Structure formats: structure tokens, C-alpha cells
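Shown next, in C-alpha cells, is the structure this report addresses.
Just so it is clear, none of the values below were taken in a lab; they were calculated from the coordinates. These numbers were taken from a predicted model, which means no experiment stands behind them. Neighbour counts are summed over all protein chains in view; Cβ atoms, including those assigned to glycine, are modelled from backbone coordinates with ideal geometry.
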């Protein structure tokens, strides 16, 4: 597995890393994996802990002076990766290292472009289950989603491929969902593999209602980029059909075309032509963004 790098974003995870890092370093020594942990402007002792464990042979931390967000830390780690494959996991010790091996084997045996660690069997609170279900429902309305666990933090990718799309992703927690949607929209082979998630033993989760709101906004942005007519055509069709249902009976009674009918008809046309315009802009934007230069390496 010396062609794999493990990338871990860490923000104020000193307590979790203190117990998880020795196991992680031992796993990397045994398997030959490289390790990059991105300290995302932590205010606790995360930086000092990582610096004490640095090993030039396979582990070098990256330190952000200020917090850039989960997505920003992931981007830094992936941009610094030098191996053909890269896997992201969380710093809180909830992911099992046996599953790193399982996802690695699943990607190689299926010649996949991305394999997502599916947490379907993991017990979650009703609050988080509801939020995840809502996000997946909204995403499913805007584009076909054959994947169950969109926002799993454990994903393995082909490095050059994921690096190509990093600049399309946000710097917040929504990156987990958006990178999956981008891969699906670009017709790459995305698979899922079951993983086991342990309970968090220390620290606190940063996921909140704002996280879900930001994710929904980012999903709408991606849908607008890749398939804007999927957004604009339904309301256009609704208003055009509504105008016909409203106006035809009035017209058959010989009372002419009503103001309401004209308003609905024009509104439908506006949505339709906005969709056509958005389609053209999306083609231009997609060609420009997918050919954009890579981000420069991060300061360590």
C-alpha cells in the first residue's frame, strides 16, 4: 500500500489524536502508507503533538495559520499528496484502520475512481439522520444519486482525478457531498463499501444546522453548473400548464385572454429561457473550471 496517502483534517483534536495517532503511525509503518495530517488552525495543542510525531519517511503535518474549514484542510492535504491514491478519514478516531485497507482493496479490485465508506449500519441520532435524509432528498431532486452515504468522511480516490475537481468544491463541510456529486456528474465510477464507525471518545462535533444549510446551497450551485435545465424546466412547465388550465376555459367562453393567463404564460417563458441561457453559461463555465490550473502547494 505504498501508493496510498492517508489525509486527515484536524481542528482542535489534540485529545482524540493523542490516543489515535500512535495506532495510525503503526499502521502506516506496517503497510507503507504515507500520512498527511492538516492542522487547520487549531487553538489547542494539536500543532505541538503533530510536530513531536513527525517522521520524514512517511509523516509530515501541514499547519494552517488560520482555520480554513474542513474542505480547505482536505484540499491542502490532497494537493500535497504525492502517491497515486489518497484516502480521507476523520481525526476523531471514529474510523477503523481496517476499513482503510478494505476501501483500498475495493477501489483496486473494481477499477473504481472513488469508493465511499458507507455508514448505513452506524447508529445515529434522529437529528443527524433527519438532516442527512433531507440533504439526500434535495440532491436527488436535482440530479440522479445512486449513492446512499453522500457525506461520509472516509473516501478513497485516484489522486490526479480528485485534484482536478478540488477547486469546484467549497472549503466547508459540504465538500464531502459536493466532491461525490461532481464525480457522479462527470460519469466516474463511484462505489460504496460498508465500514464500521466507532463512537467519538473525546472532543465535539462541528456539524450543525448551518452545516446542513450550507450543504444544500452548495448542492444547488453544483446542480446549476452541471444541469441547470433540471432546475428551470419544472417551474417553466408548471407555469405554462397552469396558464393553459386557467386560460382555456375563459377563452372558450369568448371572454378573451385574461391578465392572469398572460402573467402565468410569460412567467413560464421566462423560466424556460433562463434555463436555456443557464445551459449555455454552464457549458462555458464548466469548460473553464475543469481546465483551471491547480492550486499551489501549501506552506508547511
Item to check | Inter-site label distance for residue 189 and residue 280 at 7 Å from Cα along Cβ, in nm | outcome: 3.9 nm
Next on the checklist: Between residue 263 and residue 241, what is 0.36 nm times their sequence separation minus the Cα-Cα distance? Round to one decimal in nm.
Outcome noted: 6.7 nm
Checklist entry - Counting other C-beta atoms within 10 Å, which of 276, 181 has the fewest, and how do the rest follow? => result 276, 181
Checklist entry - So for the range 1-55, what are the equivalent ellipsoid semi-axes in whole Å, largest first, each being the square root of 5 times an eigenvalue of the Cα gyration tensor? => result 21, 11, 9
Checklist outcome for this item: the range 232-246 scanned against label point 7 Å out from residue 255 along Cα→C-beta; backbone N under 13 Å for 246
Checklist outcome for this item: Taking 78, 195, 220 and counting other beta carbon atoms within 10 angstrom, the fewest-first order is 220, 78, 195
Checklist entry - What's the exposure ranking of 222, 266, going from fewest to most Cβ atoms within 10 Å? => result 266, 222
Checklist entry - the range 75-94 to the range 151-178: how many Å between their Cα centroids? => result 10 Å
Checklist entry - Rounded to the nearest 0.05, what FRET efficiency is calculated for residue 110 and residue 48 with R0 set to 51 Å and r the Cβ-Cβ distance? => result 0.80
